[in-house]
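Heads up: the structure comes next, in C-alpha cells.
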Amino acid sequence: RPCSRSSGLWSEAPILSPRAGRHAEKTYKGHSIMLTERQNAGGRWDNFNHWLVACIEFYYTAMLSSRGQPLNINWTVSSILLPQINTPTRNCGNPHLSGVYSRGAFAEMFSLTALAAALGVRAGTTQKSLPTLLTCDRLTPRSPHGLVCFESVSRLPKDQPNIANLVHSDGAERIGQLWSKSVASILRLPSRFELNRSVRTVTLLTRRSGPHWSNRDEVASLIGKIVKQHAGFSFFDAGNAEDLGYVQDAHGSPCWAARKQVELWRKSWLVVTPHGAHESNVLNMVPGSGGLLESFNCMHDSGTYSRLARAAGVGYSASHEKSSPARHHCENLGTKHRAYLDVPRHINFRYDDMLEVLERVLSQHNAHPR
C-alpha cells in the first residue's frame with residue numbers, strides 16, 4: 001500500500017517471501033532515492049518550504065555523513081521515489097523537469113529540488129542522465145498481491161536530525177554551496193556565477209497574495225531612494241513572486257518554471273521581500289552576498305529562512321512592525337494567528353523598521369552615502 005489517494009500518506013509494506021503469494025509487478029534497477037516530507041503528520045508536501053526542507057535534510061545528511069564528499073554509490077541514481085505526491089505532473093517548457101501540480105497550478109520547483117537532493121549525493125555532475133521521478137501512482141501495485149520492487153533504496157531514518165541542527169554542523173556552508181551548483185547543473189546554468197562587485201543589486205520581490213502590501217508602490221519608491229543614496233548599489237523592482245516564471249503549458253494550464261526564479265536570486269546581492277515560501281530561493285544566492293531582508297507582519301517571526309541563508313553562506317536580516325494599532329490587535333490574537341498574518345498590510349514606516357534595517361545592511365557592506 002504505497003500511498004493513499006485521500007491523504008497522500010505513505011505506509012511501507014513488510015518484506016514478504018514468495019510463499020506469501022506476492023509477485024513483483026515491476027522492478028526498478030539501479031539506485032533509488034526516497035524523499036518524504038516529515039514535518040507534519042498530514043504529509044503537507046504541497047507547501048514548498050516544507051518540501052524543500054525535506055530535500056535539504058536528505059542532502060545534508062548524505063553529505064555530512066561522507067564529510068562533504070559524494071557517497072560511495074557505484075550505481076546510477078535511476079529513480080526518485082515521491083510516495084506522498086499523488087497529483088499529476090506536466091511539462092512546463094523545460095524537457096528536463098516536470099511541473100508538479102500543487103495548490104491549483106503546476107510548478108517545476110518541486111521536481112528541481114528533488115533532483116538536486118538526489119544528484120547532490122553524486123556531486124551533481126557525475127551522472128549524464130537525470131533520474132526518473134516516480135510519484136504515487138507509479139509506486140502503487142495494480143493487483144492486491146502485486147509488489148513494486150527496487151534494487152537499492154536510500155532514505156532518511158525516522159530519527160534523523162532536522163534542518164535546524166544540520167545547518168549548524170561543521171562544513172554546512174560548503175554543502176549549501178554544492179547544493180546551489182547541483183541546481184545550476186540541472187537547469188543548465190553556469191556552475192560558477194560571480195556577482196558584479198562594483199554595482200550590487202538590491203532586489204524588491206513582493207507578493208500578490210498572503211501578507212502583501214497594500215501600499216506597495218510607495219514602499220518600492222522609498223526603498224529605491226535609500227538604495228540610490230549608497231554608491232555601488234542599484235535597485236531592481238522584480239514585481240510579485242507569483243508572476244516570476246509564470247507560463248502556460250500546452251493545455252493552457254498555469255505553470256511556474258524554475259529557471260527565472262533561480263536566475264533572479266542568483267544575480268541579486270540582497271532581496272527585500274515579505275515572508276513566504278518563495279524565500280526558499282535564498283539557497284541559490286551567491287555566497288558572501290547580503291542575502292535576504294525578510295519583512296514580517298506584526299509579531300510573526302520564523303527562523304526557517306535565516307537557517308537557509310546560513311546554509312547558503314549569505315547574510316540575513318529581518319524587519320518587523322514595532323508599534324501600531326494593528327500590532328496591538330495581533331498581540332491579542334497571538335503570534336501564529338494566520339487570519340491576521342496573511343491579510344494585506346499598509347506599511348507605515350513610523351511603526352515598521354524595514355527602512356532602518358535596509359540602511360544598516362547597506363552601510364555595513366562598504367557602501368558610502370552619496
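The values are calculated or read from the model by the stated rules, or taken from the named source; none is laboratory data. Computed from a prediction, not measured in an experiment: that's the story for all the values here. Cβ sites come from the backbone with ideal geometry, for glycine too, and all protein chains shown count toward neighbours. Just the protein is used for accessible areas: all its heavy atoms, side chains included, with ligands, DNA and RNA removed. Shrake-Rupley method; radii C 1.70, N 1.55, O 1.52, S 1.80 Å.
Quick one: compute the contact order of the range 175-250, relative version, from alpha carbon pairs under 8 angstrom and 6+ residues apart, as a percent.
34
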Give me the dipole magnitude in Debye, nearest 20, for the range 191-324 about the Cα centre, with unit charges on the beta carbon: positive for Lys and Arg, negative for Asp and Glu.
460
Quick one: net charge of Asn196's neighbours, Cβ under 14 Å, K/R +1, D/E -1?
+3
Among Lys26/Lys181; Lys225/Lys322; Lys158/Lys267, the pairs whose Cα-Cα distance exceeds 31 Å are Lys26/Lys181; Lys158/Lys267
Counting only protein heavy atoms and rolling a 1.4 Å probe, one gets per residue an accessible area for the range 174-318 in Å² of 37
Measure off 7 Å from each Cα along the Cα-to-Cβ vector at His145 and Lys29, then give the distance between these two points in nanometres to one decimal.
2.8
Rough spin-label spacing in nm, given labels placed 7 Å along Cα→Cβ, for Arg192 and Ser209:
4.1
Chymotrypsin sites (Phe, Trp or Tyr not before Pro) restricted to the range 245-320 and DSSP loop, no more than 10 other C-beta within 10 Å:
none
Selected from Ser191, Ile226, Ser154, residue furthest toward positive end of dipole (the range 140-295; charges at beta carbon):
Ser191
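Of the listed peptides 356-362, 190-196, what is their order by residue-averaged count of other C-beta atoms within 10 Å, with the highest listed first?
Final packing ranking: 356-362, 190-196.
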Leaving ligands and nucleic acids out of the surface, order Glu242, Glu263, Glu37 by accessible area at 1.4 Å, largest first.
Glu263, Glu242, Glu37
At a Förster radius of 35 Å, what calculated FRET efficiency corresponds to the Cβ-Cβ distance of Lys228 and Ser302, to the nearest 0.05?
0.70
Kindly rank 93-106, 281-294 from highest to lowest mean number of other beta carbons found within 10 Å of each residue.
281-294, 93-106
With label points built 7 Å along Cα→Cβ from the Cα atoms of Asp353 and Gln177, find their separation and express it in nm.
3.2
